[in-house]
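The values are calculated or read from the model by the stated rules, or taken from the named source; none is laboratory data. Here the structure is a predicted model, which is why all the values come from computation and not from measurement. Backbone-built Cβ (ideal geometry, glycine too); neighbour counts: all protein chains shown. Surface accessibility is based on the protein's heavy atoms, side chains included, excluding ligands, DNA and RNA. Shrake-Rupley method; radii C 1.70, N 1.55, O 1.52, S 1.80 Å.
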Amino acid sequence: MLHQFRLRSAFGLASLCIIASSYAASSCLGQGFLSLTESVSPLKRQDLRIESAQSCAAASCHGGPRPGIAQPTARRGNEYALWNENDPHAQSWRTICNDKSQRMMLGLAIIDKQGNVTDQKGYDNCLACHNTTKRFDEPRVTSPDRSFTSLQTFFSRQANGFKEHSHGSQESCGESCRTHELDRNDSANSFTREGVGCAACHGPSEHWLGTHFTAAWSPVAAEGFVNNQDLYVRARMCASCHVGDDDRDMNHDIIAAGHPPLRYELATYHAWLPKHWRDAEASDKTFYEAQLWIAGQVAATDASLTLLKSRAEQSHSVSIWPELASYDCASCHHDLGLENARTPNAGNRKAQAIYSKWNDSGIRWVIESRRESGTAGNEDIELIESLDYVKHLMEANSIPNANEVGLAAENARISLDRWLNGPSGVNARLGFRSDDLGRLVASSAGKQSTFETWEGAVQWYLAAVASRESWPGGWSGPLQDSAKRLQRGLGYPAKKEISRFAVTNSGINRMSREQAQMTAVDLARWLGKVSVDLESSFAADQQATAQLEYELGALIEELRELNKQDHAELQERLKELLEKRQEELDRKKKDKRNNQPSKPVLEEEDLFEEQEKRFGVPAKKQTQGSKND
C-alpha cells in the first residue's frame, strides 16, 4: 500500500511539471511529445492498404543502380536491391516455410500433416513478424478515401480499365505456404509472400506512396508512415517483432516448440545488419554507437511493457496467463544460466521464477547512475519505482494478479514516455556518448544485481561492447581479450546467431557469477570508477582470497625457516636411515645364502635305481669295458 501511495503521489504531484517540461524539452528536438508505442501504431492498422516491396522496385525509384556509392550524400536509389540480395529480413518467408518451422507449427497444431492451416490466429501470429502481409486472409476495414495515392494501384487499375482486380488463385508453395481465396472486390486483401518488406518497417503506403518523393512531403505528417529516421522510433519499430507487441506474441509455447528466445539489443543487431539507408549522425561514432544502445534499451522496455499488458489482459489470441516467457528462463532451467550449481539467488521465495531482466536492465542502469551522481529528477524516480512495482507484482505469486499487472505495466509505459520527453530523456538523446556509456558500464560492474542472472551479465557485456569507441585503443586495444573471455564464458554467440539455449552447454564451461563479475571489473576499470558492493559475493570472495593468500604466505615462510634451520639435521638423519636400510638389505642377502640347502650328489648306481623306479624299465648298465671303449 505504501508503494502504491508513493507511485500515485509521483503521478499526481509530478505530472504537471513533468508534462510541461516534456513539451518544452521536446521542442528542442524539433518535434512534439514522442510516444514510442504510438510512433509505430501505423504498423498495426488494417484500414490501410499494404503494398508489396516490388511496388518500390522501379529503376527510377528504389530499384536502380548505385549512385550513392559515388555520391555519399545522395539518396542511394538501390534500396530494393540491397534489401532483396543482402538483408536477412527478405528471407523470413523462406524461414517460415522451411522444414524446421513446419515441424514447429505442426507441433503447435497450427497446421496439420497435409500443411493445411488449422489455427488461423496462431498462423497470423507467425506472419506478424515473418511477412509484410500480417494476416493470411486479412480483413479490410474499408476506408472512405479510395483516391489513387498508390502508384501501383493506379497503374494496375488503369491497365484493367479502372476495374477492381480479380483474385482467388490458390497457388501452392508446399504445405502451409498457399494463397486462400480472397475478397474479389478488395485489392487490399492480396496476400504477398515476400518476407519482411518495405511496409513492415515503413508502414502501409496507401496515403503516401504517390507523394513521398515530392519536396513538400513531410514524414511526420504522412498518414501511415513510420519515421525511422529517428533512432528511437526505429528502435521501437524493430522491437515490435524482436521483443513483441500487443498484436504479436512469441510466447513460451513457441520457444518450447523450437523457436529461439528473443534477445533484442539494438546496437548489436544494427552492427550486424546490411544497411540500405544512411544515418547522418553515423560519422560521429562516439555519439552514434551510444545512441543506438540507449535507444534500444528504451524501446525494449517500452515494447516489453506493452506486451506484458496485452498478456495480462489476454487481448491477443495466443496469450495465456501467466506467460512463462516473461520470466528468466534460468529460474527453472538452471543449466541455461550462469554456472551456479543450482544455488538459489532469490531470497526466501519458494519456487518463484525471477522476472526477466533482459529488456529493462539498461534503463535501470541509466537511472541508477543518475541517482548516484545526484542528478536524478522526478521522472527518473517515477520510472524506476513503476518498473520496480511491475517486477514486484510479477514475483509476488506464482500466478500474479492479471488486472494489477496490466494496470502497472501501462502506468510504467506512460512513465517511460514522460521520462523520454522530460529533461533526463532529452539530455540522453542530445548528449549521451560513448564515454558516458563507459562510465555507466563501470558503475554497474561492481553491483551484485548486475550479475545475478545470465541475462543481466550478457546485457552488461553488450553495453560494454557498445562503449568500445571509448576503449583505450578501441576494439583492437587491451580490452579486447577481456571482452572475448567474458563473451565465451557467458556462452553468448560471437556473430549474428541468436543464442540458442539448446546448444549452449555443448563444449562450453559457463562462468559463475563471481567469475563473470571479476572479468567485468577488470574490463570496467579501464572505463571509469568501479565500486564493488560490500554485500556482493564477489567482494566477500575478494576478502576471503586475500585472507587465504596471507595465511598461505605465512605458512610458506615458516616452512622455509624450518628448512634452513633443520636442513643439516634432516640430511644427516636421512643418511643414517639410508645406511641402516642398506645394512638390513645386506644382512638379509647373506642369511639367504647361508640358509640355502645343498643338492645331494647321486652315484651312478643310485641313478640307475631311480630310473627303474620312475619308468619301470631296467636300466642298461654300462660295463667297465664298454666305458673304456
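A few points about this structure:
- Label-to-label distance, N594 versus D99, with points set 7 angstrom from Cα along the beta-carbon direction: 8.7 nm.
- For region 270-281, the Karplus equation 6.51 cos²θ - 1.76 cosθ + 1.60, evaluated at θ = phi - 60°, returns couplings of 5, 5, 7, 7, x, 9, 10, 9, 10, 10, 4, 7 Hz by residue, with Gly and Pro reported as x.
- Packing, as the average of other Cβ atoms within 10 Å across residues, places the peptides 519-528, 254-263 in the order 519-528, 254-263, highest first.
- Derived scalar couplings between HN and Hα for region 400-412 equal x, 5, 5, 5, 5, 5, x, 5, 5, 5, 5, 4, 5 Hz in order, rounded to whole Hz, by the Karplus curve 6.51 cos²θ - 1.76 cosθ + 1.60 (θ = phi - 60°), x for Gly and Pro.
- Placed amide H near W277: partners under 5 Å, 5+ positions off or other chain: none
- What you get for region 540-587, charging only the Cβ of Lys and Arg (+1) and of Asp and Glu (-1), is a dipole of about 180 debye around the Cα centre.
- Along the axis of the charge dipole computed for region 393-473 (Cβ charges of +1 for Lys and Arg, -1 for Asp and Glu, origin at the Cα centre), the listed residues S444, A428, V405 are led at the positive end by A428.
- Once the Cα gyration tensor of region 540-587 is diagonalised, semi-axes √(5λ) in Å: 41, 13, 4
- Pairs beyond 31 Å (Cα-Cα), from K134/K275; K357/K529; K113/K391; K309/K529; K134/K484: K113/K391; K309/K529; K134/K484
- For region 343-497: relative contact order, % (alpha-carbon pairs under 8 angstrom, 6 or more apart): 22
- Y264 sits with roughly 0 Å² accessible to a 1.4 Å probe, with DNA, RNA and ligands left out of the calculation.
- With the simple spin-label model, which puts each label point 7 Å out from Cα in the Cβ direction, the A59 to Q314 separation comes to 5.8 nm.
- Remark on Y355: its backbone amide H falls under 5 Å from those of D328, a criterion applied only to residues 5 or more positions apart or on other chains, H modelled at 1.01 Å from N.
- Gained length - D284 relative to E584, 0.36 nm times residue gap less alpha-carbon distance: 99.3 nm
- With a simple spin-label model that places each label point 7 Å from the Cα along the Cα-to-Cβ direction, the separation between K113 and F213 comes to 5.3 nm.
- In terms of packing, defined here as the mean over residues of other Cβ atoms within 10 angstrom, the peptides 385-396, 454-465, 92-103 line up highest first as 454-465, 385-396, 92-103.
- The order of the peptides 81-91, 440-450 by mean Cβ neighbours within 10 Å, most packed first, is 440-450, 81-91.
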